[in-house]
Amino acid sequence: MTSPTAAAERLLAELPPSPAVWCQGLRKRYGRRTAVDGVSFTVGRGEVLGLLGPNGAGKTSVIKMLLGLVRPDAGEVLLLGRPARDPQARARVGYLPELFRYQPWLSAAEVLALHVRLSGAAVPGAEQRDVLALVGLADRAGDRVGGFSKGMQQRLGLAVALVARPELVVLDEPTSALDPLGRVDVRDVVLSLRERGVAVLLNSHLIGEVERVCDRVVILDRGRVAAAGTLAELLGQREVRLRLDGVDARAEARLAATGRLTRSGDRFTVTLPEDADAVVPALVADLVALGVRVHAVEPGRISLEERLLDVLRSGQAAQS
Ligand SMILES: Nc1ncnc2c1ncn2[C@@H]1O[C@H](COP(=O)(O)OP(=O)(O)OP(=O)(O)O)[C@@H](O)[C@H]1O
């Protein structure tokens, strides 16, 4: 007969994994100032969540509460299904803080080895070297960190966050000191983490970066969640705007077959399915074949930057 414990363990193993981050009702005051006021959200396994908001909105305070570095006045946090201060949870979380400083007398390789030892993970030397190569520091592995530029220190910070095979990576302004190439590298790293099922919480002021890599976004404003959702939910459906002449019934039917069609004179707007890279070239080719003259084709959807500004302005208007 199976023991009750074995049966319970089997049952637990069959449950879907708990979210990478779950927080509910987080609140934090510093003196008389309320920095975070009732923040709740989740980050699913393998999901990339962007945290956006103006200076002082409470983003770093939320991150520190999630990681158990700051004690919330109210609210609850579970990291990978465990309390934030549980060492078993923390060992599976990689963190790149907003302000970073590593032991200047150690080499980059030694800093990584130290973090691996502290995490308790068994990461062989070759894998540690791979992580340094991933962040572009392969040829500086033996150099003392004291001589590193700020951007190189940030790259090392990213390596520290990644080296112990985390299931959740929290990146607080990971590209603030990086050159444009470095930013692209970080974007690639985030996308490859997602491919491997690692969840990422990304706090960045670079909205284009967030728009490119995040599945979902939480916008904080004065300590509260002002908006949250997938990019499709926040930005609406993608569309294409065309300026055309010579559109007959057949061409109009071809346009309508692509998505919802609206027309104003010679301007046509067609909503596009998500993931529609091939749809627009095929549509334009067919229109040309039908004798339509195509004067302009423009992608249409508000950008995340426009949406963020909308959300923040309507919050200010509601306050005044
Ligand atoms: N240790 C602290 N002591 C006092 N006030 C603090 C402390 N940490 C944060 N605050 C205050 O809490 C509010 C939120 O700060 P936080 O650093 O979380 O914002 P942020 O959204 O990360 O801002 P930024 O984009 O500028 O990094 C601010 O008003 C800040 O002054």
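The values are calculated or read from the model by the stated rules, or taken from the named source; none is laboratory data. The structure presented is a predicted model; accordingly, all values stated were derived computationally and were not measured. Note that each Cβ is placed from the backbone with ideal geometry, even for glycine, and that neighbours are counted across all protein chains shown.
What the table below lists for this structure:
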item: Tally, over the range 174-195, of residues that are modelled with pLDDT of 90 or more and assigned to a loop (DSSP other than H, G, I, E, B); result: 0
item: Residue check, Pro299 within 23 Å of the chain's Cα centre (by Cα), loosely packed, with under 11 Cβ neighbours inside 10 Å, under 30 Å from Val225 (Cα atoms) and not hydroxyl-bearing (Ser, Thr, Tyr); result: no
item: Every residue from the range 259-278 that is outside any strand (DSSP E or B) and either exposed (fewer than 11 other Cβ atoms within 10 Å of the Cβ) or at pLDDT 90 or above (or both); result: Gly265, Asp266, Pro273, Glu274, Asp275, Asp277, Ala278
item: Checking Leu52 against (1) buried (at least 20 other Cβ atoms within 10 Å of the Cβ); (2) at pLDDT 95 or above; (3) not aromatic (Phe, Trp, Tyr), the condition it does not meet; result: (2)
item: Condition met for Val240 (buried (at least 20 other Cβ atoms within 10 Å of the Cβ), touching a residue at least 12 places away in the same chain (Cβ under 8 Å), away from the ligand (no atom under 16 Å from the Cβ) and not in a helix (DSSP H, G or I)); result: yes
item: Residue that is nearest to Leu99 (Cα to Cα), among those in the range 55-75 that are at pLDDT below 95, more than 10 Å from the ligand (Cβ to nearest atom) and surrounded by fewer than 17 Cβ atoms within 10 Å (Cβ to Cβ); result: Leu69
item: Residue match in the range 79-88 (condition: at pLDDT below 90, in a helix (DSSP H, G or I) and within 26 Å of Ala20 (Cα to Cα)); result: yes
